[in-house]
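The values are calculated or read from the model by the stated rules, or taken from the named source; none is laboratory data. Just so you know, these numbers come straight off a predicted model, no measurement behind them. Cβ sites come from the backbone with ideal geometry, for glycine too, and all protein chains shown count toward neighbours.
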Amino acid sequence: MATGWAGDGAVQEQIDATVNDAVQRARQQLRQGPGRERCEACDAPIPAARRQAVPGVRLCVSCQEAHDHERRAVGPYNRRGSKDSQLR
C-alpha cells in the first residue's frame, strides 16, 4: 500500500539502499595484505602481536583510535530520502 507519491516498494527500497551502503562501507574497511611494521601516520613501531592480530594493520593503536573517532561522524542514516518523505 503506497501513500502519497511513493511507489509500492519505496520504503523497502530505502531500507535496502541503507543496508547496501553500510555493507559497502564495511567492505571498504576490511584490511588486506601484510601489516606495516611502523605506523603510517606517526612512524611509531607497531608491535608484532598487533600485526598478527589485525591483518593489514597500517596504524598504531592511538592513531587508529583517532581515525575511528573521525569516521564515527558518518551517521547511519540514509540521506537519500524520497521526495515524498521530504514533503511531509
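Just checking, does region 53-62 include any residue being surrounded by fewer than 12 Cβ atoms within 10 Å (Cβ to Cβ) and either out of contact with any Phe, Trp or Tyr (no Cβ under 9 Å at 6 or more places or on another chain) or at pLDDT below 95 (or both)?
Yes, the conditions are met somewhere in region 53-62.
What do you reckon, is Gln32 outside any helix (DSSP H, G or I) and among the polar types (S, T, N, Q)?
Yes; evaluated as a whole, the condition is true for this residue.
Within region 35-52, track down each residue that is surrounded by 10 or more Cβ atoms within 10 Å (Cβ to Cβ) and in a helix (DSSP H, G or I).
Result: Ala48, Arg50, Arg51, Gln52.
Could you say whether any residue in region 7-21 is part of a loop (DSSP other than H, G, I, E, B), at pLDDT below 85 and either surrounded by fewer than 10 Cβ atoms within 10 Å (Cβ to Cβ) or on the phi > 0 side of the Ramachandran plot (or both)?
yes
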